[in-house]
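Report on the structure given below.
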Amino acid sequence: MIVAVLSGKGGAGKTFAAVNLAAAAGRAVYIDCDVEEPNGRLFFQPQGVRETAVTTALPAFDREKCTGCRACVDFCRFNALVYVKKAPMVFPEVCHACGGCALVCPAGAVGEQRREVGSLEEGNRGEIHVVTGVLRTGEVSAVPVIRAALEAGLSRRETLTVIDCPPGSGCPVMESVSRADFCLLVGEPTAFGLHNLAMVHELCRLLGKPCGLVVNRETEPYAPLEDYCAREDLPVLLRIPYRPQLARWGAEGAVAAERDPALKAEFVRLWNEMGGDV
Amino acid sequence: MIVAIPLDEDRTSLCPSFGRCPFFLFFDRENGTRQVLENPAAQAQGGAGLKAAQFVVDGEAEALITVRCGENAAKVLRAAGIVIYRSEGPGADENLAALREGRLAVMTHFHPGFVGGQP
């Protein structure tokens, strides 16, 4: 089963929920798709880490063959290509690596070069395989690295795969949840938390994914969130009360479920409720 | 020498956006002809600055007077040998006069652009 963990708002507890779910299951693949700031590795501290480069395609032009017809420039809907001084010119950060320019070139003048946009780190903590996508600083699009991280993690076909998604509800999130069987939403009982939770919940429903909620850092039931769940038929699968000890463990980089058997049992129950079996 | 200027809807004052201005003025200083053409990049999904720069290059401009300009567009314009001047005041005509009198400064600051679209 593939579980995507997401929240809309950043800092709601996605990584906390994802890491502890994987840890409670004992055997799992954990994929960190929050490639702009991957932090699951801080808790798992995976061993035997292998690093591989993530690259995307970029057109390479053969000036000898180019006839200057501009078919490539006219085709590029992202306007990544211009034609200046009788030569095509590509803007790498605008290029989406669709390959269309090579297809439309009648002269066969467009080849391909690879451009590094990030890396993958793969290692283990016990029976948890940890895949971390790392986007190179300054890159505009996270999607190629997310795609590579998902491919690496999902190819292992583990019983439980936990995808730690990026915040927000844009393209990187859509890519991260695209292959998920279940979307586990982490809600913070605040107005801001609820607002962004509703956005990402709408996205998951549009994508036809079953959803469940973890209410994190709860001091008392937050009425607007409770109303939302009742109205939108979003089941609350787990409530994690606010506890300073959890924050301390987080600051230490400890996996809370490994320290607290009761919390681990709660995450096991959560996993069972989503249809998993430990 | 042809001078290009991004124009607003009124077709007489400068548009603050280079990439997404509705019109471009191409003014030929040799014979005084002026052409106001629709900017094909105005509605571009992304890369409007690049597409607008291509349009200016294709219009055979040798100078551009603009309120501001992004880094990517500037790269294209410079590759084509177009000199980018910073505008002074809102009107196209007053800027053309200022250029003629050597009162316009060459632009040295280019903003990082607004390219942030995700696939």
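Read-outs: derived from the displayed coordinates by stated rules, not from any lab. If you're wondering where the values come from, they're calculated on a predicted model, not measured in any experiment. So basically every Cβ, Gly included, is an ideal-geometry build from the backbone, and we count neighbours across all protein chains shown.
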Considering only segment A:64-110, how many residues are basic (Lys, Arg), in contact (Cβ under 8 Å) with a residue 40 or more places away in the chain and within 7 Å of chain B (Cβ to nearest Cβ)?
-> 0
Picked from segment A:131-150 (must be over 12 Å from the mean Cα position of the chain (by Cα) and among the charged types (D, E, K, R)), the residue farthest from the other protein chains (Cβ to nearest Cβ) is A:ARG136
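Matching residues to (1) among the hydrophobic types (A, V, I, L, M, F, W, C); (2) at the interface with chain A (Cβ under 9 Å from one of its Cβ atoms):
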{"position": "B:ASP8", "(1), (2)": "no, no"}
{"position": "B:GLY19", "(1), (2)": "no, no"}
{"position": "B:ARG29", "(1), (2)": "no, no"}
{"position": "B:LEU50", "(1), (2)": "yes, yes"}
{"position": "B:ALA61", "(1), (2)": "yes, no"}
{"position": "B:ALA73", "(1), (2)": "yes, no"}
{"position": "B:VAL76", "(1), (2)": "yes, yes"}
{"position": "B:GLY81", "(1), (2)": "no, yes"}
{"position": "B:TYR85", "(1), (2)": "no, no"}
Can you confirm whether segment B:58-74 contains a residue that is on the phi > 0 side of the Ramachandran plot, in a loop (DSSP other than H, G, I, E, B) and in contact with a Phe, Trp or Tyr (Cβ under 9 Å, 6 or more places away or on another chain)?
-> yes
When you go through (1) surrounded by fewer than 22 Cβ atoms within 10 Å (Cβ to Cβ); (2) under 18 Å from A:GLY11 (Cβ atoms); (3) away from chain B (no Cβ under 14 Å) one by one for A:VAL215, which number turns out not to apply?
-> (1)
Limited to segment A:163-214, what total is found for residues that are of a type in the set (Phe, Trp, Tyr) and either under 11 Å from the mean Cα position of the chain (by Cα) or assigned to a helix (DSSP H, G or I) (or both)?
-> 1
Would you mind listing the strands (runs of 3 or more DSSP E) fully within segment A:1-97 where at least 1 residues are out of contact with any Phe, Trp or Tyr (no Cβ under 6 Å at 6 or more places or on another chain) and among the hydroxyl-bearing types (Ser, Thr, Tyr)?
-> A:28-32, A:47-61, A:81-84
